[in-house]
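Just so you know, all these numbers are worked out from the coordinates, no wet-lab data involved. Note that the coordinates shown come from a computational prediction; the quantities given were computed from them, not determined experimentally. Cβ coordinates were reconstructed from backbone atoms using ideal geometry, including for glycine residues, and neighbour counts include every protein chain displayed.
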Amino acid sequence: MLKILKKLLIQPVLISSAIVTVAIIGIEKLGVLEPLELRVYDQMLQMRADPGADPRLLIVAITEDDIKRWNWPLSGEILDRLLDKLEQDIPRAIGLDIFRDRPVNPGHNKLLERLQLSDIVTPICKHPDSKDSGTPPPNGIEPERVGFSDVPVDTDGTIRRNLLGIKSSKPCPTERSFSLLLALKYLEIGNIQEERTANGELKLRDVIFKPLQTHFGGYHHADTGGYQIMLNYRSGKEIAEKVTITDVLTGKVKPDLIKDRIVLIGSTSGSLKDFFNTPYSSGRLNNSGEMAGVEIHAQSISQILSVVLNKQPLFWALPEWGEVILIWGYALIGGLLVWRSQHPLWLGVGGVLVFAILFGSNFVIFSQAGWFPFVSPILGLVSTAGSVLAYTAYSSKQEQKEFAKLVQEQQELIAQLQSISRQSGMTLKQGTPASAIGEKILPDTLLNTRYKVIENLGSGGFSNTYLAVDTQRPGSPECVVKQLRPASIEAEYLDVLSRLFKTEAEILERLGKHEQIPQLMASFEENQQFYIVQQFIRGRELSQELLPGQRLVQTEVISLLKQVLEVLSFVHSYGVIHRDVKPSNLIRQESDGRIVLIDFGAVKQIQPQQQDELTIAIGTRGYAAPEQMAGIPRLNSDIYALGMIGIQALTGVEAKKFSRDPNTDGVTVEIPLNMPNISFRSWHELTDADNKLVAILDKMVCLDFYQRYQSAADVLMNLENI
């Protein structure tokens, strides 16, 4: 268990995600991400469904036309007449969102008398702040009947919070907000009274209004002075029905619009500049999202009533530890995405999918009044993905350097063996071992106390291959055991061969990481004999599909080429040349139909020189490139061999029957006519493949390796355009 835990702790994904999470939490503490989180909050608020106007509210607006008709500021007489008209239709409460700390005659005293006697009219005052000294309420009004009109404004000038209470001040002696007092008056009829919990929290009926904390949702340095909650806007269009002062004074308003409602009186005139930015203003160039002060108060009242009467949830957010887990979780996802696949397409698709999932889930939660951070998890995902990508790129580069050393060491050892062979004049015909070392193994033989031989799969000039089972693994899975057949038993030769064998095993182990290359399961020496154990690929050789006279369709050939090119791209990135890409070394895996490339290793380069007529020490006739046959193979020699397989698949002609046009160097096929006449035709004439695919294959099998494709990635890119 401790070993497993230790292994997990050193994984780059875990380490990177942990470091990134700590860094992001630190950045959050500085408030750097808060503006971005607030913008996302605004966008999600704009995306919510709009339930329309609140039927419990009515706004009596002071418009430009009203100002032209009644002048500004409105006189005490006009306001008194307005209040009288409204009170006759029995509203539950009237909110006067107009300062009246100074007399505006005529009718000021009469207005004051009405305000002092009415139990449903609530006037306003304003607490002092850094910009002004505050505004007192009308004279002679008890503090408990006055509401403050202050609203908390974020650093970007937007109102997202609802201030319900604050300590009284000299100019403004009330502790309750204008909107809270009006909501309480409405709720009185239902016998719902303001209560306080043991912690001093506001409670209405069974709802406790938890005060906003400095760290809440996307906030990290919010000024939460007083008693605040998040303002849950009801509508970005129309919070309540509106009428004008002129409509009321001229009797054009039906009593039903006023009865049992909260009536708010305030300015909506642009000239009075009583407008505020709201979340609906965010991202808009015009002023369409701005709201008048009286509308902001209406939003606040509507929220309180909806929470108490309609069980609308108050905004909630994750605790700080929950936010840490969320950020770390998405950081892990970003790291795992890169760790599992570094293909740009899949990374892009995965990134977009995770982005959509995070935003979608956040929006669903937001619709239920939950505010989860969005920017910080995305930053965690991208940062961890980037760091893991950088780490894997660095590790890959280091691994390639180490691999290059192994390959170089392998080539040096091969050169030593070839030198020893030449000096000793060794030759060995296929199937004739030089000594008891390398003799064929009988079925049921147990190698290395665990690999039980089942049958002989074949023999080459330098190795025997057996099907075996691993008796020490659950289910006794099948495997392939290769037994090396050295050409000499001289001490010097075997010593160099032993070192080559170990180097070979390291190379095969690293190549086996690719899912289309057999995994190396073990390598060992036993009784002076050398064995390599690899994964057994159950399936059928491609040579069983590419039968003479049978052609594959273009889509099948393109799929085949792409699969093998992906393997070659991986192999070539380590500087390894396969040297024997041919149909019999390509197996279509039974489990998923994917092509697996087999028969890797340096064995082919140190085989004795008498071989069968098709296989030479450096490849197979018909598939081996000219430079490979000359003993100087290149990476694109494997591309040549694959191109020949592609032409064979499209034409149904075996590669050994291909010739070259002496004028164009193009691949031709021998067509027998009446003896002794023979005709040669271009392979193009034997297929109906797309001209683009034909051109790609011609370039793959170009005799001049400088004119040939230089990398498997180049071929793949061109195939994508077909």
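Here is how the numbers come out for the structure above:
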| item | result |
| --- | --- |
| 12 Å beta-carbon shell around Ala298, net charge (K/R +1, D/E -1) | -1 |
| For the chain, alpha-carbon Rg relative to the globular expectation (2.2 N^0.38 Å, N residues) | 1.56 |
| Contact order normalised by residue count of the stretch 648-722, Cα under 8 Å, 6+ apart, percent | 21 |
| Rounded to 10°, Cα long-axis angle of helix 344-367 versus longest principal axis of the chain | 30 |
| Degrees separating the helix 12-29 axis from the principal Cα axis of the chain, which is the longest one | 20 |
| Normalised per residue, the volume of the convex hull around the Cα set of the stretch 231-280 (Å³) | 112 |
| Convex hull volume of the stretch 249-359 per residue (C-alpha atoms, cubic angstrom) | 202 |
| Distance in nm between pseudo-label sites at Gln411 and Ile192 (7 Å out along the Cβ direction from Cα) | 8.3 |
| Cβ-placed point charges (K, R +1; D, E -1), dipole of the stretch 49-317 about Cα centre in debye, nearest 20 | 120 |
| Given Lys440/Lys656; Lys502/Lys582; Lys210/Lys311; Lys562/Lys699; Lys85/Lys126; Lys126/Lys273, the pairs whose alpha carbons are separated by over 19 Å | Lys440/Lys656; Lys502/Lys582; Lys85/Lys126 |
| Rounded D (µm²/s) - the stretch 49-317, Kirkwood Rh over Cα pairs, Stokes-Einstein at 37 °C, 0.692 mPa s | 173 |
| Cβ charges +1 (Lys, Arg) and -1 (Asp, Glu), total dipole of the chain, debye | 440 |
| Solvent-free Debye scattering, log10 I(q)/I(0), computed from the Cα coordinates of the stretch 428-535 at q = 0.12 Å⁻¹ | -0.40 |
| Relative contact order %, the chain, counting alpha carbon pairs below 8 Å whose residues are six or more apart | 10 |
| P(r) weight above 21 Å for the stretch 33-114, C-alpha pairs, percent | 51 |
| Ascending count of other beta-carbon atoms within 10 Å, so fewest first, for Tyr706, Tyr233, Tyr227 | Tyr706, Tyr227, Tyr233 |
| Dipole of the chain, positive end: most advanced residue of Ser488, Ser118, Leu264 [Cβ charges, Cα centre] | Ser118 |
| Net charge, Leu117 excluded, C-beta distance under 13 Å - Lys, Arg +1, Asp, Glu -1 | -3 |
| Debye log10 I(q)/I(0) for the stretch 157-278, one point scatterer per Cα, at q = 0.18 Å⁻¹ | -1.28 |
| Enclosed volume per residue, in Å³, of the convex hull spanned by Cα atoms of the stretch 539-720 | 134 |
| Net dipole in debye of the stretch 253-404 [+1 Lys, Arg Cβ; -1 Asp, Glu Cβ; about Cα centre; nearest 20] | 200 |
| Range of Cα positions in the stretch 263-302 per principal axis (Å), largest first | 31, 25, 10 |
| For Ile489, net neighbour charge (Lys/Arg +1, Asp/Glu -1) across residues whose Cβ lies under 15 Å away | -4 |
| Separation of the Gln544 and Asp256 label points, Cα + 7 Å toward Cβ, nm | 8.4 |
| Order of Ile98, Ile722 under a 10 Å beta carbon neighbour criterion, fewest first | Ile722, Ile98 |
| Between 0 and 90°, nearest 10: helix 691-700 axis offset from the chain longest Cα axis | 60 |
| Percent of Cα-Cα distances greater than 20 Å, calculated over the stretch 104-198 | 45 |
| Förster radius 41 Å - calculated FRET efficiency between Ser367 and Gln589, Cβ distance, rounded to 0.05 | 0.30 |
